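K.L.:
Here's a structure for you.
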Amino acid sequence: MKRLKRALVIDDNTTNLMVLKELIEMIGVPQVIAETNPVYALNILKKTPVDCVLIDQNMPQMSGLELYSELKQVMPSIPATFMVSAIDDSELREKARAIGMVGFISKPFRYEIIERMLRDLDERL
Amino acid sequence: MDRNRSLSQSLWQAFRRYALLPMIMVELALITIYVVTNQWVTQQTKQELVETALSESTQIAKRQATVVDAQLASVQDQLALYRESIAAVLDDPRITWQGHEAWTQGANGQSFTQEALGKDGIAAFYSSLTPLPQQNLDRIEQLHLLTPVMRQMVAEDSWVQQVYFNTHDSLNVIYPFIDVGSQYAADVNIPKFNFFYLADKKHNPERKPVWTPVYLDPAGQGWMLSVIAPVYKDDSLVGVAGADVTIEKLVNYLTHTRVPWDGFVVLASQSGKILALSERAQQRLDITVPKSVAVKHAKQDEIGYQSAALSDIKGAEHLLSLWQHDHDSLEAIALGGMSYIAAWHPVAETDWQVLVLVEEEKLLARTNSIYRQTELLSLILLAGLVIFYLLYFQFVKSRTYRFSQRLNRNLKKLSDALAQTGRQEFELTIPDLEAPELNRLALQITQVAEQLRSNLFSLRKNEARLRFALESSGESLITQSIEHNRVEVTDNFEEISQRPERVFNLDEYSSWIHPDDREKVKALRLHAQRTKRPLSADYRLQRKDGSYVWVQSRGQVLEDEASGQALIIGTLTDISERKAIEQNLRAAKDAANEANRAKSKLLSSITHEIKTPLTTILGIADILRFKLADVGQRDSIRRLISAAEHLNHLVDDILTLSKLESKSLTVTIEQVVPQFLIAETIDWFSETLETSKIQVQCELLPNAIELKADPIRFKQVLTNLLSNAIKYSPKHSKVKVIEAQTEEVYTITVKDEGWGIPPLYRARLFEAFNRFGREQTSVEGTGVGLAICRELMRLMGGEVSYQPLEQGSAFTISFPMR
């Protein structure tokens with residue numbers, strides 16, 4: 001990756017969080033921060049600049065959309081954010097796009113798909 | 001025409017306006033012409049009469065004036081002769097005083113005749129002013145000789161009363177005899193009397209006989225006038241001869257002159273003093289002319305005397321002024337307030353005027369009476385006409401009245417017949433009417449009644465049929481009148497509501513409607529009234545026992561033509577059974593929907609629950625795919641990935657199918673680039689393809705196009721088609737994905753080189769759970785893929801189709817280009 005140096009991944013499911021972190025690292029992002037707690041993730045984002053965020057939609061504390069809305073309120077500028085969701089329907093995709101997210105990654109995610117999305121983003125950064 | 005006016009009034013008015021009025025106008029015009037003509041003729045006649053009267057009067061005036069003239073002239077001639085005789089005998093020396101017994105001396109020195117000198121002789125008087133010795137008695141004797149001349153002058157038919165001779169020495173000889181001794185004063189100065197002065201040189205230089213003005217005779221003879229002539233001897237005036245004419249005779253003559261039209265003659269002096277006027281005329285003119293005045297010592301030397309004058313008569317001034325200018329004329333004048341025709345003529349020798357007056361009224365009496373008669377005749381004519389018209393009007397009015405009575409009588413029979421029809425008594429017997437037209441009308445009414453009866457019969461039949469149909473169906477007829485707050489129902493209503501009445505108050509009826517339904521029913525009713533459209537309402541109606549029954553009310557708003565009110569007429573049906581079934585069905589449906597929702601929810605959560613471990617499996621497998629160096633292990637990983645992918649697709653398909661079945665699947669159409677979606681889909685199959693050694697070849701359009709579709713569903717369709725193609729293709733074969741575009745349609749075709757589909761199954765290719773005999777084969781699948789493809793394509797506005805190939809199959813999805 002040329003510019004995409006640091007990514008933040010948020011998912012309550014620790015296994016899948018780790019799998020996604022490793023896949024993104026394999027794709028070529030040097031630093032991937034993984035966080036299960038959306039509230040902590042918020043704090044991390046306030047302190048640490050990241051190039052890209054991937055948020056799981058289905059979390060018990062706060063949904064992905066809610067977290068992103070929170071982010072928009074507390075941060076002057078938000079890094080490019082992808083939604084990750086096991087439920088893939090057009091309604092949800094539409095909501096994510098409307099709120100300002102740049103992409104949608106459906107679960108189960110595949111290396112090639114994530115790789116193309118991140119490379120596209122890298123080129124646009 | 002005034003609609004409130006009765007027939008007879010209208011007829012009468014028309015007759016009055018168009019027949020009687022013009023007739024009266026014409027008649028009036030004729031009468032007017034008659035009256036005017038009559039008046040004109042009368043006027044003409046009057047004028048003619050007046051002219052005739054004037055000329056006649058003139059004639060009379062002229063004639064009478066001439067007669068008077070002639071008489072006076074004759075007197076004057078006789079006097080002239082007497083004068084000559086006196087001149088001849090006076091102072092004739094041959095004739096001397098003979099002495100007479102009658103001659104005596106008075107006590108005061110006067111001498112006079114006591115008796116007439118001789119039979120029917122003269123009287124003589126010598127005033128004491130001439131003393132006895134100077135008295136020339138010869139002269140008496142000389143004058144006595146002339147007695148026959150004097151006698152002739154005072155003849156029977158003569159107007160002359162007295163003839164006399166007076167000398168300047170106060171001798172008076174007079175004929176016929178009068179008692180001069182007692183009548184004259186002893187010292188009477190004779191030349192001072194009897195107009196002696198008129199004869200002197202100063203007053204009468206020509207020595208002609210002259211007429212005196214009229215005077216009142218001192219001897220009691222009444223009004224007189226005299227003619228006197230001087231007698232000269234040797235150019236000296238010795239005396240005056242005179243003749244007295246009493247006017248009485250003249251007046252008698254003139255007043256007895258017959259004047260037509262009851263007119264009369266007036267003799268008047270130029271200055272207006274009236275000399276002669278008949279008694280009748282005096283009365284008529286309201287003036288008195290004295291006949292005689294008993295004045296013994298009248299002053300005979302005074303010319304002026306008081307007499308009746310014309311100027312005393314009102315309106316005479318005009319006549320007098322005319323006399324001054326016009327001595328002989330005629331005029332219509334007004335005297336004493338009456339109209340006269342006046343003609344006058346002067347009398348020669350005197351200043352007299354003979355005036356003939358004819359009363360215009362009398363002159364025109366005849367004409368006026370004729371005119372009055374004609375007028376009376378006109379009036380009688382008019383009155384007759386008026387009476388005739390009144391009678392005629394009355395007659396016509398009574399005829400009109402009778403005619404309209406007759407018509408009314410007949411019309412009443414007809415209207416009775418119509419009223420009978422109205423009471424539905426159709427057996428009409430209209431009695432014979434008084435005109436053929438009316439009889440024809442009666443016949444028509446009878447026929448119409450017959451027609452009505454037959455119509456009513458079929459109407460009743462239909463009504464009975466309808467009622468029967470209604471009753472057997474259990475429906476009640478219901479008629480609602482909102483204006484009258486009234487509801488009418490039929491027999492079946494009792495079965496529905498347990499209420500035996502047939503008529504209710506609308507408010508009462510509305511109170512039986514379930515409170516939850518009441519507003520709805522009211523709104524529907526108003527809506528139907530406003531729009532005039534059919535009405536249908538289901539509501540609960542309270543029965544007598546308090547329980548509710550479901551009814552359906554259907555109706556139509558009708559305008560009652562007679563009263564103009566809106567009625568809602570319709571049926572009321574007991575639908576409680578149907579409602580019960582409906583409620584059961586609804587409950588069942590709600591339960592089913594609930595179950596479906598639960599199933600969808602379950603499936604949704606299962607999906608999530610399955611996808612989470614699948615994510616772990618595929619994620620770790622992907623990591624391992626790159627990390628494992630051993631070929632055998634990598635191959636195992638690929639099989640793992642392939643199986644997991646299959647499981648993933650399966651879960652997606654089941655979820656989709658479930659949504660399709662519950663009709664809860666929605667597609668979100670957005671702008672997509674099909675080439676990206678194709679690449680993404682093929683990516684999913686990378687492990688499977690590597691395992692099966694099948695090659696996927698893409699033949700894409702040189703320029704990527706955009707199109708409207710749901711990207712998830714698009715990929716799902718393509719995944720299914722590719723999955724099938726790969727599944728049913730032998731190893732090392734090729735699968736082609738071909739993109740194509742025309743003006744109308746965009747297509748993606750997936751071709752395989754597999755076994756193809758037998759013709760038997762092609763028709764039911766896109767039905768769910770249909771694997772066409774592959775159920776027992778090793779090829780995994782649920783048989784829902786193509787069915788899902790067809791539904792998803794339909795939802796996106798496109799379609800999917802199948803074309804058999806020589807070797808293998810071709811599935812094409814197409815989108816119309818918009």
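K.L.:
Once the principal axes of the Cα atoms of chain B are found, what is the range along each, listed largest first in whole angstroms?
P.N.:
The principal-axis extents, from largest down, are 242, 77, 50 Å.
K.L.:
A follow-up question, please. Going from most exposed to least, what order do B:84, A:112, B:488 have by accessible area with a 1.4 Å probe?
P.N.:
So, going from the largest accessible area down, we get B:84, B:488, A:112.
K.L.:
Any idea what the relative contact order of region B:98-245 is, in percent, if you count C-alpha pairs under 8 Å spaced at least 6 apart?
P.N.:
Normalised by residue count, the contact order of region B:98-245 is 22 percent.
K.L.:
A further question follows. Most fluctuating residue of A:29, A:53, A:39 in a GNM of chain A with Cα springs under 10 Å: which is it?
P.N.:
A:39
K.L.:
Once the convex hull of the alpha carbons of region B:546-614 is built, what does its volume come to per residue, in cubic angstrom?
P.N.:
Values: hull volume 10.8 nm³, N = 69.
In region B:546-614, the Cα hull volume divided by residue count equals 156 Å³.
K.L.:
Cα axis of helix B:436-473 to longest principal axis of chain B: angle in degrees, 0 to 90, nearest 10?
P.N.:
30
K.L.:
Write down the percent of antiparallel bridges among all DSSP beta bridges whose residues are both part of the protein assembly as shown, to the nearest 5.
P.N.:
Looking only at bridges with both residues in the protein assembly as shown, the antiparallel portion is about 85 percent.
K.L.:
Given the peptides B:239-246, B:169-176, arrange them by the average over their residues of other C-beta atoms within 10 Å, most packed first.
P.N.:
Result, highest mean first: B:239-246, B:169-176.
K.L.:
In the Gaussian network model of chain A, springs joining C-alpha atoms below 10 Å, which of A:115, A:91, A:35 carries the largest mean-square fluctuation?
P.N.:
Comparing A:115, A:91, A:35 in the GNM, the peak value goes to A:91.
K.L.:
Mean separation of Cα pairs under 8 Å and 6+ residues apart, divided by the residue count of region B:316-471: what relative contact order is that in percent?
P.N.:
10
K.L.:
If you take the alpha carbon radius of gyration of region B:666-816 and divide it by 2.2 N^0.38 Å, what ratio comes out, to two decimals?
P.N.:
Taking N as the residue count of region B:666-816, the ratio is 1.00.
K.L.:
Quick one: work out Rg over Rh on the C-alpha atoms of region B:575-655, Rh as Kirkwood radius.
P.N.:
So for region B:575-655, dividing Rg by the Kirkwood Rh gives 1.43.
K.L.:
If you don't mind, there's one more thing I want to ask. Taking N as the number of residues in region B:98-245, what is its Cα Rg relative to 2.2 N^0.38 Å?
P.N.:
Against the compact-globule rule of thumb, the ratio is 0.99.
K.L.:
Here is a follow-up. Please list, by residue number, every one of the trypsin sites (Lys or Arg not before Pro) in region B:162-218 that is coil in DSSP and has at most 11 other beta-carbon atoms within 10 Å.
P.N.:
B:202
K.L.:
Using only the alpha carbons, work out the radius of gyration and Dmax of chain A in angstrom.
P.N.:
Gyration radius and largest Cα-Cα distance of chain A: 13.0, 35 Å.
K.L.:
While we're looking at this one, here's another question. So, by mean Cβ neighbours within 10 angstrom, what's the order for B:409-416, A:116-123 with the highest one leading?
P.N.:
So the peptides B:409-416, A:116-123, ranked by packing, come out A:116-123, B:409-416.
K.L.:
So how much slack lies between residue B:795 and residue B:409, counting 0.36 nm per residue of separation and subtracting their Cα-Cα distance, in nm?
P.N.:
Details: separation 386, 0.36 × 386 = 138.96 nm, distance 8.55 nm.
Separation in residues times 0.36 nm, less the Cα-Cα distance, equals 130.4 nm.
K.L.:
Further question on the same structure: Please work out the C-alpha center-to-center distance from region B:614-669 to region B:525-572 and express it in whole Å.
P.N.:
When both Cα centres are located, 64 Å separates them.
K.L.:
What number, rounded to the nearest 500 deg cm²/dmol, is the helix-based mean residue ellipticity at 222 nm of chain B, given -39500 (n - 2.57) per DSSP H run of at least four residues and division by all its residues? Kindly include the intermediate steps, with their values, before the conclusion.
P.N.:
Numbers: 21 runs with 387 residues, N = 818.
After summing the helix terms and dividing by the residues of chain B, the value is -16000 deg cm²/dmol.
K.L.:
Not counting the cut sites, what is the longest span of chain B without chymotrypsin sites (Phe, Trp or Tyr not before Pro) that DSSP labels loop and that have at most 15 other Cβ atoms within 10 Å? Spell out each step's value before the answer.
P.N.:
Details: sites that count: B:97, B:305, B:755, B:769, B:772.
It works out to B:306-754.
K.L.:
Let me ask another. How high is the relative contact order of chain B, in percent, with contacts defined as C-alpha pairs under 8 Å that are six or more residues apart?
P.N.:
The normalised contact order for chain B reaches 7 percent.
K.L.:
Please go through region B:1-84 and write out the trypsin sites (Lys or Arg not before Pro) that DSSP classes as loop and that have at most 11 other C-beta atoms within 10 Å. Present the calculation step by step, with values, prior to reporting the outcome.
P.N.:
On the way: sites: B:3, B:5, B:16, B:17, B:46, B:62, B:63, B:83; in loops: B:3, B:5.
Hits after loop and neighbour filter: B:3.
K.L.:
Which FRET efficiency value, to the nearest 0.05, is calculated for residue B:458 and residue B:744 with the Förster distance at 51 angstrom and r the Cβ-Cβ distance?
P.N.:
With R0 = 51 Å, the Cβ-Cβ based efficiency is 0.20.
K.L.:
All other residues with a Cβ under 14 Å from the Cβ of residue B:740 taken together, and with Lys, Arg as +1 and Asp, Glu as -1, what is their net charge?
P.N.:
Here the charged neighbours net out to -2.
K.L.:
Give the lysines reachable from residue B:736 as a straight Cα distance under 28 Å; neighbours fewer than 8 places away on the same chain don't count.
P.N.:
Correct list for residue B:736: A:107, B:693, B:708, B:715, B:727, B:751.
K.L.:
If you don't mind, there's one more thing I want to ask. Could you work out the per residue convex hull volume over the alpha carbons of region B:183-286, in cubic angstrom?
P.N.:
Numbers: hull volume 14.4 nm³, N = 104.
Roughly 138 Å³ of hull volume per residue.
K.L.:
Tell me the angle of helix B:711-727 to the major Cα principal axis of chain B, expressed in degrees between 0 and 90 and rounded to the nearest ten.
P.N.:
Orientation of helix B:711-727: about 30 degrees from the principal axis.
K.L.:
Same structure, new question: Which trypsin sites (Lys or Arg not before Pro) does region B:680-713 hold that lie in a coil by DSSP with at most 11 other beta carbons within 10 Å?
P.N.:
B:693
K.L.:
Right, another one. Starting from the Cα of residue A:5, draw a straight line to each of the lysines and keep only those under 20 Å, dropping any in the same chain fewer than 8 residues away.
P.N.:
Qualifying lysines at Cα under 20 Å: A:21, A:46, A:47.
K.L.:
Short version: what are the Cα gyration tensor semi-axes of region B:474-574, square root of 5 times each eigenvalue, largest first, in whole Å?
P.N.:
21, 15, 12
K.L.:
With bins 10 Å wide starting at 0, give me the P(r) of the protein assembly as shown over every alpha carbon pair, in whole percents.
P.N.:
In whole percents, the pair-distance histogram is 2, 8, 9, 8, 6, 5, 5, 4, 4, 3, 4, 4, 4, 3, 4, 5, 5, 4, 4, 4, 3, 2, 1, 0, 0.
K.L.:
Okay, moving on. Run down the aspartates and glutamates and flag those whose C-alpha is under 17 Å from the C-alpha of residue B:62, throwing out any fewer than 8 positions away in its chain.
P.N.:
Qualifying aspartates and glutamates at Cα under 17 Å: B:51, B:326, B:328, B:331, B:349, B:351.
The values are calculated or read from the model by the stated rules, or taken from the named source; none is laboratory data. Note that the coordinates shown come from a computational prediction; the quantities given were computed from them, not determined experimentally. When we count neighbours, we look across all protein chains shown, and the Cβ atoms used for this are built from the backbone with ideal geometry, even at glycine. To get the accessible areas, we keep the full protein, side chains included, count just its heavy atoms, and leave off ligands, DNA and RNA. Shrake-Rupley method; radii C 1.70, N 1.55, O 1.52, S 1.80 Å.
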